[in-house]
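S.K.: One structure follows; several queries about it will come next.
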Amino acid sequence: MCELTGLTACKTHSRRIFLQGIEKTKIVMDDPWMECMDHCIAVTKEAGKMIREALQKDISIMQKSSPVDLVTETDQKVETLIISSIKKKYPDHSFIGEESVAAGAPSILTDNPTWIIDPIDGTTNFVHRFPFVSVSVGFTVNKEIEFGVVYSCIEEKMYTARKGKGAFCNGLPIKVSGQEDITKSLVLTEMGFKSDAQNFRTMMTNMESILSIPVHGIRAPGSAAVNMCLVACGAADAYYHIGIHCWDMAGGAAIIREAGGVIMDITGGPFDLMSRRLITASSKAIAEHISQKIQLFPCGRDDTEN
Ligand code: IPD
Ligand code: CA
(Lines give C-alpha, C1' and ligand atoms only; values in the text may rest on other atoms or scores of the structure.)
(Ligands and ions follow the chains in the order given, each with its own letter.)
Protein backbone atom coordinates (compact mmCIF):
# COMPACT_ATOMS: atom_id res chain seq x y z
CA MET A 1 0.00 0.00 0.00
CA CYS A 2 1.24 3.49 -0.81
CA GLU A 3 2.02 5.24 2.49
CA LEU A 4 0.72 8.64 1.39
CA THR A 5 -2.17 7.91 -0.94
CA GLY A 6 -3.33 4.87 1.00
CA LEU A 7 -4.13 3.32 -2.37
CA THR A 8 -3.71 -0.35 -3.05
CA ALA A 9 -5.54 -0.11 -6.35
CA CYS A 10 -2.56 1.31 -8.26
CA LYS A 11 -1.51 -2.08 -9.62
CA THR A 12 1.37 -2.12 -12.01
CA HIS A 13 2.30 -4.57 -14.71
CA SER A 14 5.38 -5.09 -16.81
CA ARG A 15 5.38 -4.30 -20.50
CA ARG A 16 8.27 -5.00 -22.87
CA ILE A 17 9.14 -2.02 -25.01
CA PHE A 18 11.88 -1.18 -27.49
CA LEU A 19 13.76 2.04 -26.92
CA GLN A 20 16.56 3.04 -29.30
CA GLY A 21 16.69 -0.57 -30.45
CA ILE A 22 17.19 -1.92 -26.94
CA GLU A 23 14.51 -4.08 -25.40
CA LYS A 24 13.57 -2.83 -21.98
CA THR A 25 10.99 -3.84 -19.44
CA LYS A 26 8.88 -0.93 -18.37
CA ILE A 27 6.58 -0.83 -15.41
CA VAL A 28 3.32 0.59 -16.66
CA MET A 29 0.55 1.73 -14.35
CA ASP A 30 -2.95 0.42 -15.03
CA ASP A 31 -4.11 3.90 -14.13
CA PRO A 32 -2.55 6.41 -16.54
CA TRP A 33 -2.78 9.36 -14.13
CA MET A 34 -1.50 7.59 -11.02
CA GLU A 35 2.09 8.37 -11.90
CA CYS A 36 1.17 12.06 -12.22
CA MET A 37 -0.49 11.89 -8.82
CA ASP A 38 2.59 10.31 -7.22
CA HIS A 39 4.74 13.04 -8.72
CA CYS A 40 2.28 15.65 -7.50
CA ILE A 41 2.46 14.35 -3.93
CA ALA A 42 6.27 14.37 -3.99
CA VAL A 43 6.54 17.94 -5.30
CA THR A 44 3.78 19.18 -3.01
CA LYS A 45 5.69 17.78 -0.02
CA GLU A 46 8.80 19.60 -1.18
CA ALA A 47 6.77 22.80 -1.57
CA GLY A 48 5.38 22.41 1.95
CA LYS A 49 8.91 22.09 3.34
CA MET A 50 9.89 25.29 1.49
CA ILE A 51 6.91 27.09 3.09
CA ARG A 52 7.77 25.83 6.59
CA GLU A 53 11.36 27.03 6.15
CA ALA A 54 10.16 30.44 4.93
CA LEU A 55 8.10 30.80 8.11
CA GLN A 56 11.36 30.80 10.10
CA LYS A 57 12.58 33.91 8.26
CA ASP A 58 11.29 37.47 7.69
CA ILE A 59 8.36 37.55 5.28
CA SER A 60 8.12 40.53 2.95
CA ILE A 61 4.56 41.19 1.86
CA MET A 62 3.36 42.64 -1.45
CA GLN A 63 -0.16 43.67 -2.46
CA LYS A 64 -1.96 42.36 -5.52
CA SER A 65 -5.44 43.64 -6.43
CA SER A 66 -6.22 45.24 -3.04
CA PRO A 67 -4.81 45.76 0.47
CA VAL A 68 -6.33 42.41 1.48
CA ASP A 69 -5.04 40.48 -1.54
CA LEU A 70 -1.49 39.59 -0.51
CA VAL A 71 1.42 37.81 -2.10
CA THR A 72 4.94 37.00 -0.95
CA GLU A 73 8.14 35.90 -2.61
CA THR A 74 7.44 32.42 -1.25
CA ASP A 75 4.13 32.15 -3.19
CA GLN A 76 6.08 32.85 -6.38
CA LYS A 77 9.03 30.58 -5.56
CA VAL A 78 6.77 27.68 -4.63
CA GLU A 79 4.75 28.00 -7.84
CA THR A 80 7.96 28.06 -9.89
CA LEU A 81 9.22 24.96 -8.07
CA ILE A 82 5.99 23.03 -8.70
CA ILE A 83 5.51 24.04 -12.34
CA SER A 84 9.14 23.51 -13.35
CA SER A 85 9.24 20.08 -11.74
CA ILE A 86 6.02 18.98 -13.47
CA LYS A 87 7.01 20.52 -16.82
CA LYS A 88 10.24 18.54 -16.84
CA LYS A 89 8.29 15.29 -16.58
CA TYR A 90 5.18 16.25 -18.56
CA PRO A 91 6.18 18.91 -21.10
CA ASP A 92 2.89 18.68 -23.02
CA HIS A 93 0.64 19.33 -20.05
CA SER A 94 -1.06 22.66 -19.36
CA PHE A 95 -1.01 24.78 -16.20
CA ILE A 96 -3.21 27.26 -14.43
CA GLY A 97 -1.28 28.64 -11.47
CA GLU A 98 -2.41 31.51 -9.29
CA GLU A 99 0.82 33.48 -9.51
CA SER A 100 1.29 32.80 -13.25
CA VAL A 101 -2.22 34.11 -13.87
CA ALA A 102 -1.44 37.16 -11.71
CA ALA A 103 1.58 37.71 -14.00
CA GLY A 104 -0.64 37.61 -17.09
CA ALA A 105 -0.91 33.90 -18.05
CA PRO A 106 -4.35 32.80 -19.28
CA SER A 107 -6.70 30.85 -17.04
CA ILE A 108 -8.64 28.94 -19.65
CA LEU A 109 -9.47 25.32 -18.94
CA THR A 110 -9.05 23.06 -21.99
CA ASP A 111 -9.33 19.30 -22.58
CA ASN A 112 -5.55 18.93 -22.30
CA PRO A 113 -4.23 17.41 -19.05
CA THR A 114 -4.08 20.50 -16.81
CA TRP A 115 -2.51 21.14 -13.43
CA ILE A 116 -4.39 23.77 -11.42
CA ILE A 117 -2.09 25.08 -8.73
CA ASP A 118 -2.31 27.29 -5.68
CA PRO A 119 1.24 27.41 -4.30
CA ILE A 120 0.07 28.90 -1.00
CA ASP A 121 -3.62 28.80 -0.23
CA GLY A 122 -3.96 30.98 2.83
CA THR A 123 -1.35 33.62 2.10
CA THR A 124 -2.84 35.93 4.76
CA ASN A 125 -2.51 33.09 7.27
CA PHE A 126 1.06 32.53 6.07
CA VAL A 127 2.09 36.15 6.66
CA HIS A 128 0.53 36.07 10.14
CA ARG A 129 1.85 32.56 10.86
CA PHE A 130 -1.75 31.46 11.49
CA PRO A 131 -1.44 27.71 11.12
CA PHE A 132 -3.74 26.85 8.18
CA VAL A 133 -1.62 27.16 5.09
CA SER A 134 -1.80 24.71 2.21
CA VAL A 135 -0.41 23.81 -1.17
CA SER A 136 -3.29 22.82 -3.44
CA VAL A 137 -3.12 21.02 -6.77
CA GLY A 138 -5.98 19.66 -8.87
CA PHE A 139 -5.44 17.75 -12.11
CA THR A 140 -8.00 17.76 -14.91
CA VAL A 141 -8.35 15.86 -18.19
CA ASN A 142 -11.16 16.78 -20.58
CA LYS A 143 -12.11 19.39 -17.96
CA GLU A 144 -12.88 16.63 -15.42
CA ILE A 145 -10.98 16.56 -12.13
CA GLU A 146 -8.96 13.32 -12.01
CA PHE A 147 -7.17 13.80 -8.71
CA GLY A 148 -6.53 16.37 -6.00
CA VAL A 149 -3.72 16.90 -3.52
CA VAL A 150 -3.91 19.40 -0.65
CA TYR A 151 -0.99 19.60 1.74
CA SER A 152 -1.79 21.49 4.93
CA CYS A 153 1.88 21.98 5.46
CA ILE A 154 2.10 23.42 8.98
CA GLU A 155 -0.11 20.65 10.35
CA GLU A 156 1.76 18.25 8.01
CA LYS A 157 -1.50 16.76 6.76
CA MET A 158 -1.37 15.41 3.22
CA TYR A 159 -4.89 15.05 1.78
CA THR A 160 -5.15 13.07 -1.46
CA ALA A 161 -7.93 11.73 -3.67
CA ARG A 162 -7.93 9.90 -6.99
CA LYS A 163 -11.26 9.78 -8.82
CA GLY A 164 -13.13 6.59 -7.89
CA LYS A 165 -10.55 5.51 -5.31
CA GLY A 166 -11.46 7.33 -2.11
CA ALA A 167 -9.98 10.19 -0.12
CA PHE A 168 -7.14 9.97 2.37
CA CYS A 169 -5.27 12.03 4.94
CA ASN A 170 -1.69 10.88 5.50
CA GLY A 171 -2.68 7.57 3.95
CA LEU A 172 -5.72 6.92 6.14
CA PRO A 173 -9.21 6.95 4.59
CA ILE A 174 -11.40 9.96 5.40
CA LYS A 175 -15.11 10.58 4.98
CA VAL A 176 -17.60 13.36 5.58
CA SER A 177 -19.67 13.45 8.78
CA GLY A 178 -22.85 12.39 6.98
CA GLN A 179 -24.77 15.02 8.98
CA GLU A 180 -28.14 15.83 7.35
CA ASP A 181 -29.56 18.19 9.93
CA ILE A 182 -28.30 21.71 9.35
CA THR A 183 -29.23 22.80 12.88
CA LYS A 184 -26.57 20.39 14.14
CA SER A 185 -23.91 21.54 11.70
CA LEU A 186 -20.69 23.53 11.82
CA VAL A 187 -20.42 25.71 8.72
CA LEU A 188 -17.28 27.22 7.18
CA THR A 189 -17.07 30.31 5.01
CA GLU A 190 -14.57 33.08 4.37
CA MET A 191 -14.76 36.84 4.67
CA GLY A 192 -12.34 37.83 1.91
CA PHE A 193 -13.52 41.28 0.82
CA LYS A 194 -12.36 43.44 -2.03
CA SER A 195 -13.71 46.98 -1.78
CA ASP A 196 -17.27 46.49 -3.13
CA ALA A 197 -19.57 47.67 -0.33
CA GLN A 198 -22.72 46.07 -1.76
CA ASN A 199 -21.03 42.66 -2.04
CA PHE A 200 -19.73 43.06 1.49
CA ARG A 201 -23.25 43.69 2.80
CA THR A 202 -24.60 40.65 0.96
CA MET A 203 -21.80 38.52 2.39
CA MET A 204 -22.63 39.65 5.94
CA THR A 205 -26.38 39.15 5.38
CA ASN A 206 -25.64 35.63 4.13
CA MET A 207 -23.73 34.85 7.31
CA GLU A 208 -26.59 36.20 9.39
CA SER A 209 -29.10 34.03 7.48
CA ILE A 210 -27.01 30.92 8.08
CA LEU A 211 -26.42 31.71 11.77
CA SER A 212 -30.11 32.30 12.36
CA ILE A 213 -31.22 28.92 10.96
CA PRO A 214 -29.63 28.24 13.57
CA VAL A 215 -26.42 26.26 13.02
CA HIS A 216 -23.92 25.28 15.71
CA GLY A 217 -21.53 27.92 14.43
CA ILE A 218 -19.58 29.49 11.58
CA ARG A 219 -15.79 29.33 11.24
CA ALA A 220 -13.41 31.00 8.76
CA PRO A 221 -10.05 29.15 8.85
CA GLY A 222 -8.56 31.19 5.97
CA SER A 223 -7.62 28.55 3.39
CA ALA A 224 -10.33 27.42 0.98
CA ALA A 225 -8.51 24.16 0.25
CA VAL A 226 -8.16 23.35 3.95
CA ASN A 227 -11.84 24.21 4.45
CA MET A 228 -12.80 21.61 1.86
CA CYS A 229 -10.58 19.03 3.55
CA LEU A 230 -12.13 19.83 6.94
CA VAL A 231 -15.55 19.01 5.47
CA ALA A 232 -14.08 15.93 3.79
CA CYS A 233 -12.83 14.53 7.08
CA GLY A 234 -15.96 15.37 9.06
CA ALA A 235 -14.52 18.19 11.20
CA ALA A 236 -17.07 20.56 9.65
CA ASP A 237 -20.35 19.87 7.85
CA ALA A 238 -20.40 22.50 5.12
CA TYR A 239 -18.40 25.21 3.41
CA TYR A 240 -19.76 27.88 1.10
CA HIS A 241 -17.95 30.71 -0.65
CA ILE A 242 -18.54 33.27 -3.38
CA GLY A 243 -15.48 34.87 -4.98
CA ILE A 244 -12.76 32.21 -4.78
CA HIS A 245 -10.80 30.86 -7.75
CA CYS A 246 -10.31 27.56 -9.55
CA TRP A 247 -6.87 27.09 -7.92
CA ASP A 248 -8.49 27.38 -4.48
CA MET A 249 -11.07 24.69 -5.35
CA ALA A 250 -9.58 22.15 -7.78
CA GLY A 251 -7.61 20.00 -5.32
CA GLY A 252 -10.29 20.08 -2.62
CA ALA A 253 -13.10 19.27 -5.06
CA ALA A 254 -11.61 15.83 -5.76
CA ILE A 255 -11.12 15.23 -2.03
CA ILE A 256 -14.62 16.22 -1.00
CA ARG A 257 -16.24 14.06 -3.69
CA GLU A 258 -14.14 11.03 -2.86
CA ALA A 259 -14.89 11.48 0.85
CA GLY A 260 -18.59 11.07 0.05
CA GLY A 261 -19.44 14.76 0.21
CA VAL A 262 -21.58 16.93 -2.01
CA ILE A 263 -20.26 19.81 -4.11
CA MET A 264 -22.59 22.13 -5.96
CA ASP A 265 -22.97 25.62 -7.27
CA ILE A 266 -24.33 28.30 -4.93
CA THR A 267 -27.56 28.26 -7.01
CA GLY A 268 -28.02 24.52 -6.32
CA GLY A 269 -26.94 23.62 -9.88
CA PRO A 270 -23.89 21.57 -10.88
CA PHE A 271 -20.48 22.67 -9.61
CA ASP A 272 -18.49 24.66 -12.17
CA LEU A 273 -14.76 24.87 -11.48
CA MET A 274 -14.38 28.22 -13.27
CA SER A 275 -17.42 29.88 -11.68
CA ARG A 276 -15.63 31.26 -8.58
CA ARG A 277 -18.25 29.90 -6.16
CA LEU A 278 -19.25 26.70 -4.42
CA ILE A 279 -21.09 24.91 -1.66
CA THR A 280 -19.63 21.70 -0.27
CA ALA A 281 -21.37 19.69 2.42
CA SER A 282 -21.64 16.38 4.20
CA SER A 283 -25.07 15.81 2.61
CA LYS A 284 -27.30 17.07 -0.19
CA ALA A 285 -29.86 18.22 2.40
CA ILE A 286 -27.39 20.61 4.02
CA ALA A 287 -25.98 21.87 0.70
CA GLU A 288 -29.49 22.59 -0.62
CA HIS A 289 -30.51 24.33 2.60
CA ILE A 290 -27.51 26.66 2.34
CA SER A 291 -28.23 27.29 -1.33
CA GLN A 292 -31.77 28.40 -0.44
CA LYS A 293 -30.57 30.72 2.33
CA ILE A 294 -27.86 32.70 0.60
CA GLN A 295 -28.00 35.43 -2.00
CA LEU A 296 -25.62 35.60 -4.90
CA PHE A 297 -23.46 38.58 -5.72
CA PRO A 298 -21.50 39.01 -8.96
CA CYS A 299 -17.87 37.88 -8.88
CA GLY A 300 -17.04 37.12 -12.54
CA ARG A 301 -15.53 33.88 -13.84
CA ASP A 302 -11.96 32.64 -13.90
CA ASP A 303 -12.10 31.97 -17.65
CA THR A 304 -13.39 35.37 -18.75
CA GLU A 305 -11.53 37.87 -16.59
CA ASN A 306 -8.11 37.46 -18.13
C1 IPD B 1 -7.52 32.72 -0.40
C2 IPD B 1 -7.94 31.76 0.68
C3 IPD B 1 -9.00 32.38 1.55
C4 IPD B 1 -10.16 32.94 0.75
C5 IPD B 1 -9.72 33.81 -0.40
C6 IPD B 1 -8.70 33.08 -1.26
P7 IPD B 1 -5.04 32.72 -1.28
O8 IPD B 1 -6.55 32.16 -1.22
O9 IPD B 1 -8.40 30.56 0.13
O10 IPD B 1 -9.51 31.46 2.44
O11 IPD B 1 -10.98 33.69 1.59
O12 IPD B 1 -10.84 34.13 -1.19
O13 IPD B 1 -8.29 33.94 -2.30
O14 IPD B 1 -5.10 34.11 -1.84
O15 IPD B 1 -4.51 32.71 0.11
O16 IPD B 1 -4.39 31.76 -2.19
CA1 CA C 1 -2.53 31.55 -3.18
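The values are calculated or read from the model by the stated rules, or taken from the named source; none is laboratory data. Source: prediction; values computed, not measured. Reconstructed Cβ throughout: ideal geometry from the backbone, glycine too, with neighbour counts over all protein chains shown. Just so you know, the surface numbers come from the protein's heavy atoms only, side chains and all, with ligands and any DNA or RNA stripped out. Shrake-Rupley method; radii C 1.70, N 1.55, O 1.52, S 1.80 Å.
S.K.: Below 12 angstrom from the Cβ of ASP272, what's the summed charge of the other residues (Lys, Arg +1; Asp, Glu -1)? Don't jump to the answer; show the numbers that get you there.
M.R.: On the way: positive: LYS143, ARG276, ARG277, ARG301; negative: ASP265, ASP302, ASP303.
For residues surrounding ASP272, the net value is +1.
S.K.: Now a separate question. Highest mean first, what order results for 75-82, 30-37 on Cβ atoms within 10 Å? Please list the in-between numbers first.
M.R.: On the way: 75-82: 20.8, 30-37: 17.9.
Final packing ranking: 75-82, 30-37.
S.K.: All other residues with a Cβ under 13 Å from the Cβ of ALA103 taken together, and with Lys, Arg as +1 and Asp, Glu as -1, what is their net charge? Show your work: numbers first, answer last.
M.R.: On the way: positive: LYS64; negative: ASP75, GLU79, GLU98, GLU99.
The answer is -3.
S.K.: Follow-up. Going by amide H atoms built from the backbone, whose H comes under 5 Å of the H on PHE95, apart from near neighbours?
M.R.: HN-HN under 5 Å from PHE95: TRP115.
S.K.: Leaving ligands and nucleic acids out of the surface, order PHE200, PHE271 by accessible area at 1.4 Å, largest first. Display every interim value, and only then the final one.
M.R.: On the way: PHE200 75, PHE271 35 Å².
Largest to smallest exposure gives the sequence PHE200, PHE271.
S.K.: Within the stretch 200-295, what whole-number % of the accessible surface is contributed by carbon and sulfur, with the 1.4 Å probe and all protein chains included in the calculation? Each step should come with its number before you reach the end.
M.R.: Values: 1510 of 3060 Å².
C and S fraction of accessible area: 50 percent.
S.K.: Based on the Cβ-Cβ distance from GLU180 to LYS143, what FRET efficiency comes out when R0 is 25 Å, to the nearest 0.05?
M.R.: Numbers: r = 31 Å, r/R0 = 1.23.
Efficiency computed from Cβ-Cβ geometry: 0.25.
S.K.: Separate question: Determine the calculated [θ] at 222 nm for the chain from helices alone, applying -39500 (n - 2.57) to every DSSP H run no shorter than 4 residues and normalising by the residue count; nearest 500 deg cm²/dmol. Write down the numbers at each step before the final one.
M.R.: Details: 8 runs with 96 residues, N = 306.
The per-residue figure over the chain is -9500 deg cm²/dmol.
S.K.: In addition: Report the net charge of residues surrounding PRO113, where surrounding means a beta-carbon distance below 9 angstrom and charges are Lys +1, Arg +1, Asp -1, Glu -1.
M.R.: Values: positive: none; negative: ASP92, ASP111, GLU146.
Value of the local net charge: -3.
S.K.: Using the structure shown, list the pairs from LYS165/LYS284; LYS87/LYS284; LYS49/LYS165; LYS45/LYS184 with a Cα-Cα distance above 30 Å, or answer none. Spell out each step's value before the answer.
M.R.: Working: LYS165/LYS284 21 Å; LYS87/LYS284 38 Å; LYS49/LYS165 27 Å; LYS45/LYS184 35 Å.
Over 30 Å apart, Cα to Cα: LYS87/LYS284; LYS45/LYS184.
S.K.: How high is the relative contact order of the stretch 129-243, given as a whole-number percent (alpha carbon pairs under 8 Å, six or more residues apart)? Don't skip to the answer; put the middle values down first.
M.R.: Details: 183 pairs, mean separation 31.1, N = 115.
Over the stretch 129-243, the number comes to 27 percent.
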